[in-house]
């Protein structure tokens, strides 16, 4: 018999909104692990306690933003339109069916009132919760950076000179008489380099991830991901033109502060292959799984790799057996130079010394000794290093892909470094909340993986101790084989 459903508009219902939501919904899972009881005290100093109109409940506002990022809805207006009809968002944020939702502009003003530092502390809270749940070991960190396209159009780009054309507007207000433009800097050998910059978002800078792609106005996100469960333990945002390799020390400090544990191994790609980074990791006794940069192509003159550096006596020996001595200290190292008589009498002069020079000079950067040691270790790398670098690819690069495809990080939503930083912190926070919500699955996966990697007996005792059952001293050793 062909059935027919009568359309009914019933407002009165028995039961709460939770009864209408499936147990495997992402907001239901996150609700089980989310604790925002500390938030009111955290933001209390940003409000007047005895005057003015009551504001939106801080916890309800943050829950709205977290729900949007969890569902990939990063625009406030789109989020509030969806919340009008989405029972899961209403239930997660604490709004009843007949309760009026806040306006989208209220969330904008709330972010301005709180500032990016409070959102950074919200992210840090998720890291602490993951550490307390055992999702972070802190032994191996995977570090990488990715570009975030700025929310500007190509029509907003204009050419800006590095040395601006004389701050005429400000100086004209201070003086009524004519002023000559500032003179060219003494010793300048080349004209000012022109850059493209957006008038809409001046903080965004032109950059690209590959040489065969065009420059785009972008920001750059730098993250450190723990190897155990993929928890983001440190995140920073800079303009797009900042070299990602220079952010490694700051990421290590932040990761150690958030987790309370010093890493034993750090993995990164070739963009972090700076001698200063190798020297830093070596000084902190951290194993660096970072492929060193090698000389590519056919050089016209002999590269630095052909020279032998004696760090004990501070000399460099050239391929012809001649010595170059330390001469001048520069910003990032020492310049070593051979005497003119030594080079001009060498039979290898034409192959070594550039046509415009009288003698050969080389630059030994700070940390060059550590770089040489890493190169030797990388040539002899074994299965362990290959395994760690393989995990780096899917751990941290997979985290970037997840943030861009599922949480709207492919493009910035708002303008300005501070606003984009808030977007970055909220994205990292919801990713950590997802890891925390998936804790039972993670424990099961790690348990069976541990059985394959180590003896069943030892891993069984360790997992019992992890859940609070320390039975090892009272039980006879198991006889189950490996």
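For the range 38-55, the residues whose backbone nitrogen is under 18 Å from a point 7 Å from the Cα of residue 99, taken along Cα to Cβ, are 38-40, 54-55.
Ranked by the mean number of other Cβ atoms within 10 Å of their residues, highest first, the peptides 350-360, 71-81 fall in the order 71-81, 350-360. Here the simple spin-label model places points 7 Å from the Cα toward Cβ, and for residue 38 and residue 20 these points are separated by 3.4 nm. The distance separating the Cα centre of the range 362-410 from that of the range 23-55 comes to 38 Å. Any idea what % of Cα-Cα pairs in the range 304-365 are farther than 15 Å? Distances greater than 15 Å cover 45 percent of the Cα pairs.
Between residue 78 and residue 196, the C-beta separation translates, for a Förster distance of 41 Å, into a calculated FRET efficiency of about 0.85. Note on residue 418 and residue 381: their simple-model spin labels are 4.2 nm apart, each label 7 Å out from Cα toward Cβ.
Note on residue 325 and residue 339: the model spin-label points, each 7 Å out from Cα along the C-beta direction, lie 0.8 nm apart.
Given their separation in residues at 0.36 nm each and the Cα-Cα distance between them, residue 106 and residue 28 gain 25.6 nm when the chain is fully extended.
Here the range 17-114 yields Rg over Rh of 0.96, to two decimals, using C-alpha coordinates and the Kirkwood radius.
Read-outs: derived from the displayed coordinates by stated rules, not from any lab. Everything quoted here is computed from the prediction, not taken from an experiment. Cβ coordinates were reconstructed from backbone atoms using ideal geometry, including for glycine residues, and neighbour counts include every protein chain displayed.
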